[in-house]
Amino acid sequence: MADEIIRYSESGEQESIAETNIVEQLNIMLRDLEECFRELLFMVKDLDEGRAVAVDKRYGRVRSIKDNIENTSVNLMDYVIKVSPILTFKDIYLYLIQDIVRAAEHAEAAAYRNLLLNTKEFERLPDKLYAELDETVRKIIDMVSKVRTMLEKIRADQKYIRELYIELLKVENAVDEYYRESGLEIIKHYSKDVGALILLKELFDKLEDSADIMKRVGTYIRFISIHR
């Protein structure tokens, strides 16, 4: 595909065609990432309601989606490198690919902590902690959705991208707040169960890291939109 673009396209159109292909593949990766976090959201609910078999199945789906994202990233990275001579933002596209993969890995890692909790004699989460966990995952899903929209509008509407970016920052701040509150709740309720305490803390750590990554992805996209 890259060779055909370089051979047959007019020089002024080469970068545009290549970037269209890259954006389409990045959008596929983000769509899969959003689905990955949706599965995690349902997995948290299944754990809280004691549905052990459902938790195990959800984890398998999260892993499968993560693997799909990684496979897409390998092909897309090869393509970006092949067309790199005509790309203005080659390095940033590579950063975007890597960060989306990292977010998927964090989602899978959070799901794995959830799975490990499922193998323990784990009771329902306290209401406040469950609400914080549920809202944290929902906020991350919202962040991925906003980043997808930014990517779709990258060529058309810089003002709208700026507005979405500001909203993205606000959502990330909300995730940070839930993260701080959850730490106190985990210590309060699980100080006598070190295993559960560690797993829950690590679960929230992975989610907070995912939110940071989505903010960075949004920053890259805004950078590209400003410099067009």
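Annotations for the structure displayed:
- Checked against the criterion of being assigned to a helix (DSSP H, G or I) and buried (at least 18 other Cβ atoms within 10 Å of the Cβ), the candidates LEU133, LEU116 yield just one match: LEU133.
- GLU167 farther than 25 Å from ARG63 by Cβ, assigned to a helix (DSSP H, G or I) and in contact (Cβ under 8 Å) with a residue 12 or more places away in the chain: yes
This table checks each residue for (1) surrounded by fewer than 17 Cβ atoms within 10 Å (Cβ to Cβ); (2) under 21 Å from VAL217 (Cβ atoms).
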| site | (1), (2) |
| --- | --- |
| ALA52 | yes, no |
| SER64 | yes, no |
| ILE69 | no, yes |
| VAL74 | yes, yes |
| LYS82 | yes, no |
| VAL101 | no, yes |
| ALA111 | no, yes |
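- Within the stretch 119-130, if we keep just the residues that are surrounded by fewer than 17 Cβ atoms within 10 Å (Cβ to Cβ) and in contact (Cβ under 8 Å) with a residue 24 or more places away in the chain, the residue that is nearest to the chain's Cα centre (by Cα) turns out to be TYR130.
- Matching residues in the stretch 93-113 - criterion: being within 9 Å of the chain's Cα centre (by Cα), in contact (Cβ under 8 Å) with a residue 40 or more places away in the chain and more than 12 Å from MET29 (Cβ to Cβ): HIS106, ALA107
- Yes/no for ASN71 being free of Cβ contacts under 8 Å to residues at least 24 places away in the same chain and of a type outside the set (Lys, Arg): yes
- Within the stretch 74-92, the presence of a residue that is modelled with pLDDT of 95 or more, hydroxyl-bearing (Ser, Thr, Tyr), in a helix (DSSP H, G or I) and under 16 Å from the mean Cα position of the chain (by Cα) is excluded.
- Answer from ILE161, ILE221, ILE226 - the residue that is in contact (Cβ under 8 Å) with a residue 60 or more places away in the chain and more than 21 Å from the chain's Cα centre (by Cα): ILE226
The values are calculated or read from the model by the stated rules, or taken from the named source; none is laboratory data. Values in this document were obtained by computation on a predicted structure and should not be read as measured data. Here Cβ is always computed from backbone atoms with ideal geometry, including for glycine, and neighbour counts include all displayed protein chains.
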